Amino acid sequence: MPIISTCLRAAFCGLLIAALPVGSAFAAGALLEGGTVTLTEGETASFPISGASNGPANLHAQCEIGDVNGTASLTFDGEHYVPLSEPAVGEVITLSGGDTRAYELTGVVDAPNGDAYIAFFFGGAPAAMCFPGMNCDGAEAATGSVTISCRNVAS
């Protein structure tokens, strides 16, 4: 009987382990090198991510965009980062003067060479939508700068 009991326990444990989600509860945590960066048009704020060199790692971070004068278009980018929350890689974020936008970044990082990052590119003010015959002078005010702050969030 002890052999059958041991075999049944081993089979149950094997089924239990097989049923657990791979990579979610057991993945290591990735760390974002946070900070605050003020951008002018054409500049990029890049935040390196470490801790994902031995396989996938979970990232939990927060980024806030603010101090906008006029309007601004920022493009979110990421290398070896798979977002599970907003914003998506390639998404354009448009802000008007006085706006502040905060994002809780949740995603998976897999950087075998340790070269993972997220970034915000400040492309300038969004283009005004004008139709033939419309007066479009000064439709959007140019933006002098945008401030981006990113930090890790305890999971």
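The values are calculated or read from the model by the stated rules, or taken from the named source; none is laboratory data. Bear in mind that the values here come from a model prediction, so they are computed numbers and not experimental data. Note that we place each Cβ from the backbone using ideal geometry, even for glycine, and neighbour counts take in every protein chain shown. When the accessible area is computed, the model is the full protein with side chains, heavy atoms only, and any ligands, DNA or RNA have been set aside. Shrake-Rupley method; radii C 1.70, N 1.55, O 1.52, S 1.80 Å.
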Item checked: Of all residues making up the stretch 102-129, the number that are in a loop (DSSP other than H, G, I, E, B), open to solvent by less than 70 Å² (accessible area, probe 1.4 Å) and among the small types (Gly, Ala, Ser) -> 4
Next item on the list: Filter the stretch 51-101 down to the residues that are assigned to a strand (DSSP E or B), of a type in the set (A, V, I, L, M, F, W, C) and open to solvent by 60 Å² or more (accessible area, probe 1.4 Å), then identify the one that is nearest to VAL37 (Cα to Cα).
Entry: VAL92
Check: Does ALA125 qualify as being touching a strand residue (DSSP E or B) at 6+ places or on another chain (Cβ under 6 Å), closer than 23 Å to THR147 by Cα and modelled with pLDDT under 90?
Finding: yes
Check: Take the residues of the stretch 54-97 that are in contact with an Asp or Glu (Cβ under 6 Å, 6 or more places away or on another chain) and farther than 16 Å from VAL109 by Cα: which is modelled with the highest pLDDT?
Finding: VAL68
